[in-house]
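Okay, so here's the structure we're looking at.
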Amino acid sequence: MNQNTILSVDGLRTHFYTEQGVVRAVDDISFDVRQGEIVGIVGESGAGKSVATTSILRLIEEPGEIVAGEITYQDTTIVGFDERSDGTLVPKDEMLTNRQMRSQVRGNEIAIIFQDPMESLNPVYTVGNQLQEFIELNRDLSGSAAKKEGIDVLREVGIPEPEARFGDYPHEFSGGMRQRVLIAMALACRPNLIIADEPTTALDVTVEGQILNLVSDLQEEYGTSFIWVTHDMGVVAEICDRVNVMYLGKIVEQGPVDEIFYDTKHPYTKALLESVPRPDRTVDELNPIVGTMPSAIDPPRGCRFHTRCPDAREACREVDPQFVDVSETPDTEHRTACIKYDDVGYWDSVPLEHASEQDTSYIDEDQRPENRDLEQTEGEP
Amino acid sequence: MSDAIGGESVSEDEPVVEVEHMSKYFSSETGFIASLLGSSDVQAVDEVSFDIRKGETLALVGESGCGKSTLARAVLQLHRPTDGTVRFKGQNLTDLSDREIRPLRRDMQMIFQDPHSSLNPRLKVGQIVEEPMKAHDLHDPEERTRRAQRLLEKVGLEAEHYYRYPHEFSGGQRQRINLARAFSTDPELIMCDEPTSALDVSVQAQVLNVMNELQEEFGVTYLFISHDMSVVRYVADRVAVMYLGHIVELAEKEELFENPQHPYTRALLDSIPIPDPRVTDARGTLEGDVPSPIDPPSGCRFRTRCPKLIRPGTDDVDRSELDEQTAAAALSIYEMSDVAWENVRAYTRAVTRRSFALEDADSPAAVRNVVDERFFTDARPGGEVDEVLDRSIELLADGEWDGATDLLRTTFEEPSICAARKPAYTVESEYGGGDHYVACHLHRGRGE
Ligand code: SF4
Ligand code: SF4
């Protein structure tokens, strides 16, 4: 672990127990965040990005449950388990209670900004009211001092006429303005780490630009760390220092942003980059990823990407890829979970044929019994 | 499909659609608020003119509230325009009754953003795809089935999917079903309203590629509405950029992206995060928010946020063009350096938005210090301009922010040519040979 690490997530598994079966939304992921950096979590819908971040704040609700792993924030244990002699896992003694999470961590140490600000703002109170109360609660300020601080942060995040807007209700703000209010709230308590869950996805691009600039400024001024959840490779390139690429509950590649884009290792990351339309140059033909994301209830065996991976081989159906260090230099910490980079028989194995976009097409040709169960993982008609 | 396109078709180059001075206003809500505001209309689309050419993809791009969807719907007469004309294959649609337009809809199909709500869950895919053919009484039932199945294959699904229900399909596949349906009547024009915005990028690429293939095969014309400049760069032949109900720029794709001329287009392009960490261009940002389409700014609607707002006092505006209040406030001379003008502009907007605080500064001298330090470190204008600044500072010292805002705006914004006249210019293209329309007075003097 790097000495500047403030948050570390190790082997986290968060599952949802639904009637259809166990959704393994986050299935054994590990990453960390260092002081003052922006760490990206990128992936498409169903990757498990939001479940990962809500797990960090222990905001997972029924029927979801953190079933394994360790989350450490500075020296406190947010999540941790001890293994009993019978193999079952029980929460560690030093794991924070829900009350301690509320009073010691959420808000003043780690704040979260969601995609839809209406969910986080109470429609019946004015924005100023909520902001002031939040400040009074989390910082040693009261009454007029808290109000003044509230107006100041509103101004800081670029709300026009903050004195006048202080008394407005959430619905009187535009989407972009509401998102700024939430950022103001997150900032008001000067947290050490801000988790931003697709905070600009619903916003217009010029508003997104304003908010990304704001984040860069804040990071510079206060040294705040961020976990930035997004599906947008452009946003990742623009603001992140390090990146975690997720696919179907797993982190498939992690490393410094430049290496993720310029020394891409994992076939999914590569495919994702090739399917993004470019604003800065005209591309003749996009290269889409075939098929659709399989369900996380019964994910493909072996490598979860093998049903869509252009490089998939027989071995990919069998072997669960482990993180392999693919760093060019010792300190870059670039890792990927793909057996091409491991010594487990990939290169001796036969390529799978993705003959068409129907990702089941190759299965008919292969009658070996041990592979039959693959068919169940293909949910598409 | 081998079938000849029904009805008279249009030859290359000839426009499929010609829109002239078209406006679409909505009456704002009646009631208390409206009576207070004097019940003006929402000017969703205001006097736009453009053509759509046969076989091309014309993209309408802009941010939420810019009027792109309203404009497209008005072209297809889903909303009847308030004013102006729309000709489809030479026929003036605005003259026709709804009943007279109905048969023409066979040639004008559409697909929408949300692939989940746009398919009737109780109908089988086959029925959905055949529905427009039935509505227009095209082909016998067997032929319809045959066409529907072939179209399903063309969009990358399978003929057997004809018998399935929509819920069995993913978002991307549903959008393919929508495409099959839209193509079933062999239309001339398809309006696509954010067809891939709800999809993940990898799936979006699949759908965009299918749309390209279909266009190549059937020669259909797309009117493609999007907020996403990257998608537009991939699919469009020509691009129209909209802001607050106006088309601010229209050019061939390469020209628009490589040689954008309107300050709004530039701001839009500068804001897009580029998926390349080695591109370290400073992110351009635009100040403020889009104003209300009820009572939009006069002249150029972008002028309240434009980083290039033209200094008043340029020769081409005559005092008689200004309204009374503005004419009274306008100075006889606006001599100042470009840097000083930029500072005045920034100060005016900061006061309007109250983006700085004056807590402990209550004397004019103290306010002046704050203002100087913040806005006029490098250059300050002299003469008459300075006197106005002084007056605004006195107002600020009295806490009269609104008064200061009024004074600054009527002196420095309203008399500008940007506020006095609606811009419309055509400039030479650097890429490709097409026309390049740009609604910005920076291009005055280069042909109107
Ligand atoms: S392990 Fe195999 S299927 Fe998975 S990403 Fe690597 S090559 Fe593709
Ligand atoms: S006309 Fe004036 S305000 Fe409008 S875009 Fe051009 S310079 Fe800016």
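Would you calculate the separation in nanometres between label points at B:A379 and B:S49, each defined as 7 Å from the Cα along the Cα-to-beta-carbon direction?
Modelled inter-label distance: 3.8 nm.
Among A:I41, B:L442, A:N108, which residue has its Cα positioned farthest towards the positive end of the charge dipole of the protein assembly as shown, with +1 placed on the Cβ of Lys and Arg, -1 on the Cβ of Asp and Glu, and the dipole taken about the Cα centre?
Value: A:N108.
I'd like to know which of B:H227, B:G65, B:C192 lies farthest towards the positive end of the charge dipole of chain B, counting +1 on Cβ of Lys and Arg and -1 on Cβ of Asp and Glu.
Projecting each Cα onto the dipole axis, the largest value belongs to B:C192.
Test of understanding: ordering B:E324, B:E342 by Cβ neighbours within 10 Å, fewest first, what list do you get?
In order of increasing Cβ crowding within 10 Å: B:E324, B:E342.
Counting partner chain Cβ atoms within 10 Å of every residue's Cβ in B:261-273, what's the average?
That average works out to 4.
Using alpha-carbon positions, what is the distance between the centroids of the stretch A:35-74 and the stretch B:81-130, in Å?
45
Treating only the Cβ of Lys, Arg, Asp and Glu as charged (+1, +1, -1, -1), what charge dipole size does the protein assembly as shown show about its Cα centre? Round to the nearest 20 debye.
Roughly 1340 debye, rounded to the nearest 20.
Can you list which of the DSSP-assigned H helices in chain A have a Cα extent of 15 Å or more along the long axis and an average Kyte-Doolittle score of at least 0.5? Please list the in-between numbers first.
On the way: long enough: A:127-138 (17 Å, -0.19); A:143-156 (20 Å, -0.59); A:175-188 (19 Å, 0.87); A:205-222 (25 Å, 0.04).
Helices meeting the span and hydropathy rule in chain A are A:175-188.
Taking the Cα centre of the stretch B:294-362 as origin and charging only Cβ (+1 Lys, Arg; -1 Asp, Glu), how large is the dipole, in debye to the nearest 20?
The dipole magnitude comes to about 420 debye.
If I take all pairs of Cα atoms in the stretch B:296-448, what percentage of them are more than 26 Å from each other?
Counting pairs separated by more than 26 Å, the tail of P(r) holds 31 percent.
Below 15 Å, Cα to Cα, which aspartates and glutamates can A:K147 reach? Residues fewer than 8 away in the same chain don't count.
A:E133, A:E136, A:E156, A:E161, A:E163, A:D168, B:E359
Please report B:H21, B:H161, B:H262 as a ranked list, fewest other C-beta atoms within 10 angstrom at the top and most at the bottom.
On the way: B:H21 12, B:H161 24, B:H262 28.
If I rank by nearby Cβ atoms, fewest first, I get B:H21, B:H161, B:H262.
Would you mind ranking B:L152, A:L137 so that the residue whose beta carbon has the fewest other beta carbons within 10 Å leads the list?
A:L137, B:L152
Report, in listed order, any pair from B:K54/B:K422; B:K24/B:K134; A:K340/B:K154; B:K124/B:K154; B:K54/B:K308; B:K24/B:K422 with a Cα-Cα distance greater than 26 Å.
B:K54/B:K422; B:K24/B:K134; A:K340/B:K154; B:K54/B:K308
Assuming a ≥ b ≥ c are the square roots of the Cα gyration tensor eigenvalues, decide whether chain B counts as rounded (a/c under 1.5), prolate (otherwise, with a/b larger than b/c) or oblate.
Working: a/c = 2.39, a/b = 2.21, b/c = 1.08.
Note, shape of chain B comes out prolate.
If the convex hull of the alpha-carbon atoms of the protein assembly as shown is projected onto planes in all directions, what is the mean projected area in square nanometres?
Quarter of the Cα hull surface area: 40.4 nm².
In terms of the Cα gyration tensor, with a ≥ b ≥ c the square roots of its eigenvalues, is the stretch A:54-94 rounded because a/c is under 1.5, prolate because a/b exceeds b/c, or oblate?
oblate
May I ask which residue of B:G382, B:L395, B:T352 lies farthest towards the positive end of the charge dipole of the stretch B:320-395, with charges of +1 (Lys, Arg) and -1 (Asp, Glu) on Cβ and the Cα centre as origin?
B:T352
Taking Rh as the Kirkwood radius, which is the inverse of the mean 1/r over Cα pairs, what is the Rg/Rh value for the stretch A:129-214?
0.96
Once you put a point 7 Å from the Cα of B:A328 and another 7 Å from the Cα of A:E61, both along the Cβ direction, what distance in nm separates them?
My value for the distance between the label points is 5.8 nm.
Mean separation of Cα pairs under 8 Å and 6+ residues apart, divided by the residue count of chain A: what relative contact order is that in percent?
Reported as a whole number, the value is 17 percent.
Once a ≥ b ≥ c are taken as the square roots of the eigenvalues of the Cα gyration tensor of the stretch A:276-337, is the result rounded (a/c under 1.5), prolate (a/b larger than b/c) or oblate (a/b not larger than b/c)?
Oblate.
Hey, got the dipole for chain A? About the Cα centre, +1 on K and R Cβ, -1 on D and E Cβ, debye to the nearest 20?
Computed charge dipole of chain A: roughly 1080 debye.
No lab work stands behind these numbers, since they all come straight from the coordinates. Remember, predicted model here, so these are calculated numbers, not experimental data. Please note: Cβ atoms are built from the backbone with ideal geometry, for glycine as well, and neighbour counts cover all protein chains shown.
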